[in-house]
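**Student:** Have a look at this one before I ask anything.
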Amino acid sequence: MKHRITALLTALSLCACSMPIAAQAAESVNTIGTYNGIEWDITDGVLTLGGSGDVIFQHGFPDEDNAIYPNWGYRDKIKTIVFGEGVTGADAEAFSGYPALETVVLSEGFDTFSAMLFKDCPNLREIQGIEHVEYFNMNCLSGTAMMEQDPFVIIDGELRYCDISESMNIVVPEGVTKICKDAFGNLSNLPYDFISDESQDIEDAKFTITLPETVETIEKLAFANLPALTSLNIPDSVTEIGDMAFFNCLRLESLTLGENVKKIGAYAFLNCKELKELTVSDKKAQLGEDAFGVAFDTERYVRDVVPEDKYEQYEEILKSDPNYFDTILLSRLDWFGSMDYLDMDALSVAEMLGVYSCVPKTQSIRGYINSTAHYYAHETGLHFTAIDDWTFALGDVNGDTLINALDASTILVEAANLAAGGSTKLTAEQMSRADVNADAAFNATDAAIILQYAAYTATGGTDSIEEFVK
């Protein structure tokens with residue numbers, strides 16, 4: 001009997017000990033599964049993703065309570081994530097806040113880092129295959145050991161991402177040859193929070209960027225939406241500036257383009273309201289459509305769009321900071337933070353904003369007489385300031401700093417008056433400038449030379465009219 005009781009107690013004891021183990025096993029998280037076409041497996045701290053497509057939310061947006069992420073399990077124990085060849089992307093925040101994550105291995109097709117993708121992964125130090133990534137969205141690597149070691153992602157001389165998120169003077173390392181699309185997009189929330197109407201202290205948020213002499217290309221939207229950027233140098237090594245490269249840089253105050261800048265893209269300086277003067281040093285530089293001088297009419301937008309009950313409040317904000325609501329430019333293009341505007345062509349963006357665009361009368365272009373910048377200023381109605389001291393040029397009869405058909409027609413009219421026995425309205429100085437062939441008279445021959453010279457400069461010719469006549 002004693003043996004039976006002992007055996008029974010032992011059995012009960014074993015059952016009691018086994019119950020929590022069984023309960024724990026029942027509650028344990030799977031280490032293998034599928035999710036929206038993605039196959040996953042966790043082995044020894046390595047999360048391997050296969051299948052095809054993107055890692056996406058089941059529903060909802062990442063900042064909403066109903067957002068559901070794939071439940072890999074062992075979140076705090078995953079040290080490595082391997083993306084198989086068929087996995088081409090992941091939604092915002094999909095791998096944010098993995099405390100043990102150290103290494104990420106990307107497939108060749110994984111070419112975009114969505115917003116906050118690996119944010120606050122403090123031990124993430126290595127991303128293999130990062131050379132396949134073309135676009136880095138805002139805060140995608142913020143709070144990682146990788147960014148603490150080096151705040152720039154530079155691949156084959158191309159600067160693709162900057163993670164300095166506080167105001168400072170940013171110095172881009174030597175050897176960088178290209179500034180890629182939206183490379184500084186991580187700084188676009190300075191000094192504004194695009195979601196709330198509360199501004200930060202602008203003085204605390206201002207920053208400058210210094211580029212090395214090795215930079216050759218500034219791509220489309222490279223410095224777009226940096227409202228706190230006040231100063232930037234363009235090295236003489238730069239040859240091309242892409243479409244909308246400085247779009248919405250509200251407080252960029254001064255900029256001189258080096259002598260080697262051959263091409264300036266469409267709307268390159270759209271809404272750079274504090275950039276009163278743009279200096280274009282190359283006489284033959286190509287300026288794209290509305291490259292400079294187009295701005296956002298904030299007051300008109302407020303009048304047309306803001307509800308009446310908030311109009312007075314918004315008016316007061318505009319008095320204290322006239323540029324504050326220019327962040328509307330970004331929200332109109334990117335309402336849900338998808339960054340789709342990065343893939344739009346410049347003309348499409350301009351058309352979306354066109355109804356609220358204007359040409360500020362305070363902005364001007366500085367360049368050489370008879371340069372492409374000179375003619376651009378004349379065509380767009382912008383003020384032109386000459387780099388050289390050539391105030392009155394031979395052939396510039398009407399004194400508008402251009403040598404063109406207007407000067408030729410002036411000569412023909414005044415020469416006809418003299419031939420008919422009348423008098424000319426030209427001053428002695430103007431008559432001297434009209435005599436381009438130096439034969440002591442101004443007539444149809446001088447007018448013809450001026451028309452030929454105007455055609456020459458319109459096709460990129462840069463010789464002075466004296467050299468052209470010779």
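**Student:** Per residue of the stretch 309-322, what does 6.51 cos²θ - 1.76 cosθ + 1.60 with θ = phi - 60° give for ³J(HN,Hα)? Whole Hz please, x for Gly and Pro, Karplus curve as stated.
**Tutor:** 5, 10, 4, 4, 4, 5, 4, 5, 5, 5, 5, 7, 8, x
**Student:** What pairs from Lys119/Lys178; Lys79/Lys119; Lys263/Lys283 go past 21 Å between their alpha carbons? Working shown, then result.
**Tutor:** Numbers: Lys119/Lys178 25 Å; Lys79/Lys119 15 Å; Lys263/Lys283 11 Å.
Exceeds cut-off: Lys119/Lys178.
**Student:** Can I ask one more? Can you work out ³J(HN,Hα) from phi for every residue in the stretch 31-36, in order, using Karplus 6.51 cos²θ - 1.76 cosθ + 1.60 and θ = phi - 60°, giving whole Hz and x for Gly and Pro?
**Tutor:** Each residue's phi maps through the Karplus curve to give 10, 8, x, 10, 8, 6 Hz.
**Student:** Is the C-alpha gyration tensor of the stretch 391-469 telling us rounded, prolate or oblate? Criteria: a/c under 1.5 is rounded; beyond that, a/b larger than b/c is prolate, otherwise oblate.
**Tutor:** Prolate, because a/c is 1.5 or more and a/b exceeds b/c.
**Student:** Treat the count of other C-beta atoms within 10 Å as a stand-in for reagent exposure and order Lys470, Lys262, Lys361 from fewest to most.
**Tutor:** Details: Lys470 7, Lys262 13, Lys361 10.
Starting with the residue having the fewest Cβ neighbours, the order is Lys470, Lys361, Lys262.
**Student:** Kindly write out, for the stretch 299-306 in residue order, the coupling ³J(HN,Hα) from the Karplus curve 6.51 cos²θ - 1.76 cosθ + 1.60 (θ = phi - 60°), rounded to whole Hz, with x marking Gly and Pro.
**Tutor:** Listing the rounded values in order: 4, 5, 4, 4, 5, 7, 10, 5 Hz.
**Student:** Right, another one. Taking other Cβ within 10 Å of each residue's Cβ, how do Met138, Met344 sort, fewest first? Don't jump to the answer; show the numbers that get you there.
**Tutor:** Numbers: Met138 22, Met344 17.
By the 10 Å Cβ count, ascending: Met344, Met138.
**Student:** Search the structure for amide H atoms under 5 Å from the amide H of His383, placed 1.01 Å from N in the peptide plane, and list their residues when 5 or more places away or on another chain.
**Tutor:** The answer is Ile365.
**Student:** What is the set of long-range amide H partners of Gln286 at a cut-off below 5 Å, with H atoms built 1.01 Å from backbone N?
**Tutor:** When sequence neighbours closer than 5 places are left aside, the close amide H contacts are Lys263, Ile264.
**Student:** Taking neighbour Cβ counts within 10 Å as the exposure measure, how do Cys358, Cys162, Cys249 sort from fewest upward? All intermediate terms of the calculation are to be shown ahead of the outcome.
**Tutor:** On the way: Cys358 13, Cys162 21, Cys249 25.
By the 10 Å Cβ count, ascending: Cys358, Cys162, Cys249.
**Student:** Quick check: Cα centre of the stretch 412-470 to Cα centre of the stretch 131-170, how many Å?
**Tutor:** One Cα centre to the other: 58 Å.
No value in this document is a laboratory result; all are computed from the given coordinates. Given the structure is predicted, the values throughout are model-derived calculations rather than measurements. Reconstructed Cβ throughout: ideal geometry from the backbone, glycine too, with neighbour counts over all protein chains shown.
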